[in-house]
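The values are calculated or read from the model by the stated rules, or taken from the named source; none is laboratory data. On a predicted model such as this, the values are computed, not experimentally measured, just so you know. Reconstructed Cβ throughout: ideal geometry from the backbone, glycine too, with neighbour counts over all protein chains shown.
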Amino acid sequence: MIEIRDIWKSFDGKQVHRGLSLDIPEHETTVILGKSGGGKSILLKMIIGLILPDSGTIQVDGREVTTMAYSDLRALRRKFGFLFQGAALFDSMSVGENVALPLRYMPEQKKTDITARIREALRTVGLENTEDLMPSSLSGGMRKRVGLARAIVQTPPYVLYDEPTTGLDLGTADEINLLVNELRDRLGVTSIVVTHDVRSAFVMGNRFAVLDEGKFIAAGTADEIRTSGNEDVRKYIDSSLPMQGEAP
Amino acid sequence: MSTVRFQLFFGFLGEKALSFFEKLGRYFLDIGWALRNLGTIRYYARNIAGQMVQIGNNSIPTVIFVSAFVGMVTSVQSAHQLYVWLPRSVVGNLVIKTVLLELTPLLTALVLAGKVGATITAELGSMRVTEQIDALESLAFDSISFLITPRVLAGTVMFPVLTVIGDFVALLGGLLGASVVTHIAPDEFISGMRDSFLVSDAVYGIIKSMFFGFAITSIACFQGYHVEGGSEGVGKSTMQTVVLSCLTVVVLDFLLASVLL
Ligand SMILES: Nc1ncnc2c1ncn2[C@@H]1O[C@H](COP(=O)(O)OP(=O)(O)OP(=O)(O)O)[C@@H](O)[C@H]1O
Ligand SMILES: [Mg+2]
């Protein structure tokens, strides 16, 4: 359970968040929709303490993140997988080493075990036998998928996805959608997905939150959002209306 | 009018001073943190070896080149300044003193401030702007210990090694310069060097280079780790690293001479 309460944040006098509040229920996928530059990526980083809000509180499993000691913060981060918007692969390391990094300092893991897990994680994102490639030789979509493999390789209870399907073809995007759903249904992973891809959003999401002008103006299930009378909410999902009634 | 300008001027100075001291404070906090985690070095051992190669081995050609010319020019100039009635072997005395005490450690450091310092800042800076440092933190790594500790440690260990190499090359260069350009017999030159060689001089130069290595790598790491403003910011910080670390090296050089000599 993640509880976000009254978050305010500004950069150089520019107010980004104006009192954000949201609950992220466990074992479900919450999709955050909102304008470009609206502060979605910043919010994800706040949840694992990479950025501090100016005011407000964030609690993960009942523990306050914003005032946490650094050693506790590191322990907390082990419970999270994080897919960065730009993938953020380490370009001095090969694909395999990138994916191995979350596992590197887990002493109980055996070496062979690690190799198998890396191969498995790469296979689930459709990138078999790419272990030895360097990130600089990958396409944007491939980098994104390596980032995804790195985020889920240690099967953390929470995964935060920043634009997981942006820049991917429909077929690959669907595979990613299925993967996110499988993680939730099989392992009970709690996910937050930030996306502009409304089609994927309604395949993956159980719950939706619309961020507008620094606040969440709506939060709820797909139907609640779709039938919302609020004009501001509808403008984020209009393009998905033809899908209404379709089962994901 | 003039009081307004006066206030603006001092307001500006005050702001600059404040941000300087704020930055200095942050520098000591970060580097302090990097050193405090020396104990957990086994986690980062892999990085240290890589950095030693990067900072040390890859700088050897540069150091050899610079030192050879430093040695040659020192001996040519010493011979030029010498009174005719002094024995020619005095050139050897002068060369070994200046090379060991001052020239090799200082010039090696100034050249490597550009090479090593700029490399480190550009590398860490581009990791910062492409969110690789955030990614390390998100994977529960302590990014300062992972990135800064091995680089500073490698710099502090490898600069003295490079200086020892530089010392040898510079003395050979001095011998070469003396015999080829100023026609001083090699055995005369060598006996001059032998007369005034002190182990403590060599040790002093090596200790100095440890400080230089620490200063350059820690400044470069700090500058790169806190880059702001995209690739333009990386370029700006890299330039600042070279300037800042050169200034720090000459100031340290003076301070260490005052304290240790
Ligand atoms: N380090 C920073 N310094 C200054 N401003 C920043 C910084 N990081 C983010 N911002 C500003 O905060 C705002 C929100 O950024 P954020 O990256 O969260 O947007 P976003 O909702 O993820 O947008 P997008 O959908 O385009 O990715 C932007 O206007 C950005 O300019
Ligand atoms: Mg974003």
Restricting attention to segment B:110-150, report how many residues are within 13 Å of chain A (Cβ to nearest Cβ) and either outside any helix (DSSP H, G or I) or charged (D, E, K, R) (or both). 10
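Of all residues in segment A:27-57 being part of a strand (DSSP E or B) and more than 14 Å from ligand 1 (Cβ to nearest atom), which is farthest from the other protein chains (Cβ to nearest Cβ)?
That would be A:55.
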Enumerated helices (runs of 4 or more DSSP H) restricted to segment A:149-242, each holding at least 1 residues that are among the small types (Gly, Ala, Ser): A:170-187, A:198-204, A:222-226
State whether one or more residues within segment B:79-93 are of a type outside the set (Lys, Arg), surrounded by fewer than 17 Cβ atoms within 10 Å (Cβ to Cβ), modelled with pLDDT of 80 or more and in a helix (DSSP H, G or I). yes
Does segment A:13-26 contain any residue that is surrounded by fewer than 19 Cβ atoms within 10 Å (Cβ to Cβ), within 15 Å of ligand 1 (Cβ to nearest atom), assigned to a loop (DSSP other than H, G, I, E, B) and not aromatic (Phe, Trp, Tyr)? yes
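Please determine whether any residue of segment A:48-71 is within 16 Å of ligand 2 (Cβ to nearest atom), closer than 30 Å to residue B:122 by Cβ and touching a strand residue (DSSP E or B) at 6+ places or on another chain (Cβ under 6 Å).
Checking segment A:48-71: at least one residue is within 16 Å of ligand 2 (Cβ to nearest atom), closer than 30 Å to residue B:122 by Cβ and touching a strand residue (DSSP E or B) at 6+ places or on another chain (Cβ under 6 Å).
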Does residue A:151 qualify as being away from ligand 1 (no atom under 16 Å from the Cβ), within 14 Å of another protein chain (Cβ to nearest Cβ) and surrounded by 15 or more Cβ atoms within 10 Å (Cβ to Cβ)? yes
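Across segment A:169-197, what is the total count of residues that are within 16 Å of ligand 2 (Cβ to nearest atom) and away from chain B (no Cβ under 14 Å)?
5
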Going by the conditions given, is residue A:96 away from ligand 1 (no atom under 15 Å from the Cβ), in contact with a helix residue (DSSP H, G or I) (Cβ under 8 Å, 6 or more places away or on another chain), outside any helix (DSSP H, G or I) and not polar (S, T, N, Q)? no
Checking residue A:193 against (1) modelled with pLDDT under 95; (2) in the same structural domain as residue A:45 (by TED's automatic domain parsing); (3) not polar (S, T, N, Q): exactly one of these is not met. Which one? (1)
Is it the case that residue B:15 is surrounded by 10 or more Cβ atoms within 10 Å (Cβ to Cβ) and modelled with pLDDT of 85 or more? no
How many residues, within segment A:43-70, are free of Cβ contacts under 8 Å to residues at least 12 places away in the same chain and farther than 15 Å from residue A:9 by Cα? 4
